[in-house]
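Some notes on the structure that comes next.
No value in this document is a laboratory result; all are computed from the given coordinates. All values derive from a computational prediction rather than experimental measurement. With ideal geometry, Cβ positions are generated from the backbone for all residues, glycine too; neighbour counts draw on all protein chains shown.
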Amino acid sequence: MTKKQRALQIIELLKKEYPDAACSLDYDDAWKLLVSVRLAAQCTDARVNVVVEDLYAKYPTYKDLANAPVEEIERIVKPCGLGHSKAKDISACMKMLDEEYDGKIPDDMDSLLKLPGVGRKSANLIMGDVFGKPAIVTDTHCIRLVNRFGLVDGIKEPKKVEMALWKIIPPEEGNDFCHRIVYHGRAVCTARTKPNCDNCCLKEVCKRVGV
């Protein structure tokens, strides 16, 4: 079985297991997803969803956040960890969004990567969830699981994993595939405990390379 054949089977099995998988970060505006995905670095999405409620209660628009003192942003987002660097990035990102893009999130990778605090993972999430464009989000769940599945061979660098997956994942499937990977990584193919392989929907196709 080729990697592409295995990938297609995994995609179909995950669709059946998690038909409604979606981004677990709460947002009702594109700029809020930018904020949340920056806060989510080394922090759970569940905690981010709680913290941003206080942030948006005080700064309800991207302009408000762009004009907010960095120290005040840091005070609010501190529970997410790395508060100082995250607050600086959020402030600079909202300022750039306001001054250069009139509050409209750019819809191409190169422009997104110019925004402070936005890397390929964040840019792909925006591309897929906000604009419905082909995207592959290589977060920790994705990297761990695609190695276990045998879709990539011992690759841990996010960009290299992304490039390898583009070769075997149909573009229109990438974004939802990555969301389903997160669900599966939290529920079954976990990192901190032994993977629950006996109850895994992918046990017949997973290569289980022991990553």
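In a DSSP loop and with at most 12 other Cβ atoms within 10 Å, the GluC sites (Glu not before Pro) in the stretch 169-211 are 204. Neighbour counts of other Cβ atoms within 10 Å put 84, 184 in the fewest-to-most order 84, 184.
Using R0 = 35 Å, the C-beta based FRET efficiency linking residue 67 and residue 186 works out to 0.45. Calculated FRET efficiency, residue 163 to residue 78, Cβ-Cβ distance, R0 = 41 Å: about 0.70 to the nearest 0.05. The alpha carbons of the stretch 91-211 give a radius of gyration and a Dmax of 16.3, 53 Å, in that order.
Measuring nothing but how far apart in sequence close Cα pairs (under 8 Å, 6+ apart) lie, relative to its length, the stretch 81-211 scores a relative contact order of 20 percent. For the chain, the pair-distance distribution built from all alpha carbon pairs, in bins 5 Å wide starting at 0, is 1, 7, 15, 19, 18, 14, 11, 8, 5, 2, 0, 0 percent. Annotation for residue 85 and residue 26: the two label points, set 7 Å from Cα along the Cα-Cβ direction, are 2.7 nm apart.
List residues of the stretch 151-178, by number, whose backbone nitrogen lies under 16 Å from a label position 7 Å along Cα→C-beta of residue 45. Within reach of a label on residue 45: 174-178. A dipole drawn for the stretch 30-129 from +1 and -1 charges on Cβ atoms has a positive end, and of 92, 125, 76 the residue lying farthest that way is 76. For the chain, the Cys residues with no second cysteine's beta carbon closer than 4.7 Å are 23, 93, 142, 178, 189, 197, 200, 201, 206.
The charge dipole of the chain, taken about its Cα centre with unit charges on the Cβ of Lys, Arg, Asp and Glu (plus for the first two, minus for the last two), comes to roughly 1240 debye.
With helices as the sole contributors, the chain gives -17500 deg cm²/dmol at 222 nm; each DSSP H run of n ≥ 4 counts as -39500 (n - 2.57), and the sum is divided by every residue. Please say if the stretch 5-46 is rounded, prolate or oblate, where rounded means a/c under 1.5 for a ≥ b ≥ c the square roots of the C-alpha gyration tensor eigenvalues, and otherwise the choice is prolate for a/b larger than b/c and oblate otherwise? Prolate is the answer for the stretch 5-46, as a/c is 1.5 or above and a/b outweighs b/c. The GNM of the chain, with springs linking C-alpha atoms under 10 angstrom apart, assigns the highest mean-square fluctuation among 180, 75, 38 to 75.
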